[in-house]
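To start, the structure under review is shown below, and the notes come after it.
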Amino acid sequence: MREIYASKIIEVVKDLCLRANTVLRPDVLDAIKANLALEVSPTGVEVMEQIIKNAKLAVSEQLPICQDTGYVTIFIELGRGVLLQGDLTGAINEGVRRAYTEGFLRKSIVVSPVFERENTGDNTPAFINVDIVPGDDIKITVMPKGGGTENASQLRMLPVSGGINAVRQFVLEAAEGAAKSCPPVIVGVGVGGSFDKVGFLAKKALLRPLPDSNPDPGIAKLEAELLVEINKLGIGPAGLGGRITALGVKIETMPTHIACLPAAVVFNCHAARQAEAII
Amino acid sequence: MTKQIHTPLTDNIISELKAGDKVEISGVIYTARDQAHKRMVDSIKRGEPLPFDLKDQIVYYAGPSPAPPGRVIGSIGPTTSARMDPYTPTLLAHGLKGMIGKGPRSPAVKSALIKYNAVYLAATGGVAALLSTYVKKVELIAYPDLGPEAIYRLEVERFPVLIAIDAKGNDLYEENRQIYRQL
């Protein structure tokens, strides 16, 4: 067993939150640059140039890429050989609290979703997912994500008889809403599992690097085809018209019930924020 | 060509603005988003005064990140405008002339823009560090308890926007969508 102290987790989570919010994902920045030549809308080109300028400025001035520094989703891969000294959830939230209060990040979490909507004041709680894996280390991935793109997400229990076409149609229908979520977007799709698992799959798909495709050739083909279809919708950068609506489509699947075909679609805005570390 | 406009946003200026125009705004604008809109509309319903006079003013749908030392403001980009749709016609009826945000608006907002001779301006979402460089002065004027949703009075210089919906109801989001759609 390897001992890991909560104090170490606090420090790492704080650092990851700060880094994710000021440094645009390098693969996203590369994709924006590569797609500049493919964009036919002059407004679309200008928006993409602003994105590149913004990414540089955020690093040089240590400013958040986007003012909406998001709610914080945390993915933990906890090695079976780790002996945790302290409270994992508490340590993660303390790391988020320190990053957001000491690092000039916006606090965007409200206590009660329905009533007063009073701000928690420190951007906690983080939304934490834990996987137990082989090994004796902890991998922590931090994904701060804005509320605007989250609102464009959709989840549907599709008819089994609809098959791949039902999935395709649902993703394209959801993508119509991408104009409100800061395109060019990354499209995360979950298929299979259950009502609760499929949303998680879609979100996890957003973590994959852009050049990556699903190891299943059939799914990889669907990813490529959907990207082409979405970029025919005309939504374009910032939703102001153009070709480059999405930078990538990432699909994750898992086994499901004989009666079910759950599907979920979630978007990451072009201000895609993500950072990870292994302890 | 980029048009320069100075606030307040008078009817004379609005008559010159067409959907698709690139515009740079200088002068005073006010931030207000979800909860600030709710409170302002509640105040109007109760006949109470508003935190600022809406006449000929521009509201920016934005909640900035906190200002680090040495800067007037943190990052400040637009939030999704559609969430303000239910409140916008009431504010337009009370003199508001422009809103800066991102994304399409409802048919009711478009009708209200025509009725009250006002415009909807699009700033680029997600480039908030860049947009902060156009803000020269900041003053918190109302609802401090709302944190990032409070109302700030901003002085801006050449703040870049596009006319997304003009006072005749021409809608850049819809028009461009049709131009670039390949289905």
If A:Asn54 satisfies all but one of (1) open to solvent by 20 Å² or more (accessible area, probe 1.4 Å); (2) in contact with a helix residue (DSSP H, G or I) (Cβ under 8 Å, 6 or more places away or on another chain), what's the number of the condition it fails? (1)
How many residues does the stretch B:42-72 contain that are open to solvent by 10 Å² or more (accessible area, probe 1.4 Å) and within 10 Å of chain A (Cβ to nearest Cβ)? 7
Given (1) in contact (Cβ under 8 Å) with a residue 60 or more places away in the chain; (2) within 26 Å of A:Val47 (Cα to Cα); (3) surrounded by 17 or more Cβ atoms within 10 Å (Cβ to Cβ), index of the condition B:Lys22 fails: (3)
(1) within 13 Å of another protein chain (Cβ to nearest Cβ); (2) surrounded by fewer than 18 Cβ atoms within 10 Å (Cβ to Cβ): which one isn't true of A:Lys139, the others all being true? (1)
Looking only at the stretch A:202-211, decide whether some residue is without any contact (Cβ under 8 Å) to a residue 40 or more places away in the chain and under 23 Å from A:His270 (Cα atoms). no
For A:Gly121, which of the numbered conditions (1) within 8 Å of chain B (Cβ to nearest Cβ); (2) on the phi < 0 side of the Ramachandran plot fails to hold? (2)
Which one of these does A:Leu57 not meet: (1) over 24 Å from the mean Cα position of the chain (by Cα); (2) free of Cβ contacts under 8 Å to residues at least 12 places away in the same chain? (1)
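So that you can scan it fast, the table gives a plain yes or no per residue for (1) hydrophobic (A, V, I, L, M, F, W, C); (2) surrounded by fewer than 23 Cβ atoms within 10 Å (Cβ to Cβ); (3) touching a helix residue (DSSP H, G or I) at 6+ places or on another chain (Cβ under 9 Å):
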| residue | (1), (2), (3) |
| --- | --- |
| B:Pro89 | no, yes, yes |
| B:Leu92 | yes, yes, yes |
| B:Gly101 | no, no, yes |
| B:Gln182 | no, yes, no |
Report, by residue number, each residue of the stretch A:13-61 that is among the acidic types (Asp, Glu) and in a helix (DSSP H, G or I). A:Asp15, A:Asp27, A:Asp30, A:Glu46, A:Glu49, A:Glu61
Residue that is hydrophobic (A, V, I, L, M, F, W, C) and either open to solvent by less than 10 Å² (accessible area, probe 1.4 Å) or within 16 Å of the chain's Cα centre (by Cα) (or both), where the choices are B:Leu154, B:Leu146: B:Leu154
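The values are calculated or read from the model by the stated rules, or taken from the named source; none is laboratory data. Treat the numbers as computed from the prediction; the structure is a model and nothing was measured. Here the Cβ is made from the backbone with ideal geometry for all residues, glycine too, and neighbour counts use every protein chain on show. Accessible surface areas use protein heavy atoms only, side chains included; no ligands, DNA or RNA. Shrake-Rupley method; radii C 1.70, N 1.55, O 1.52, S 1.80 Å.
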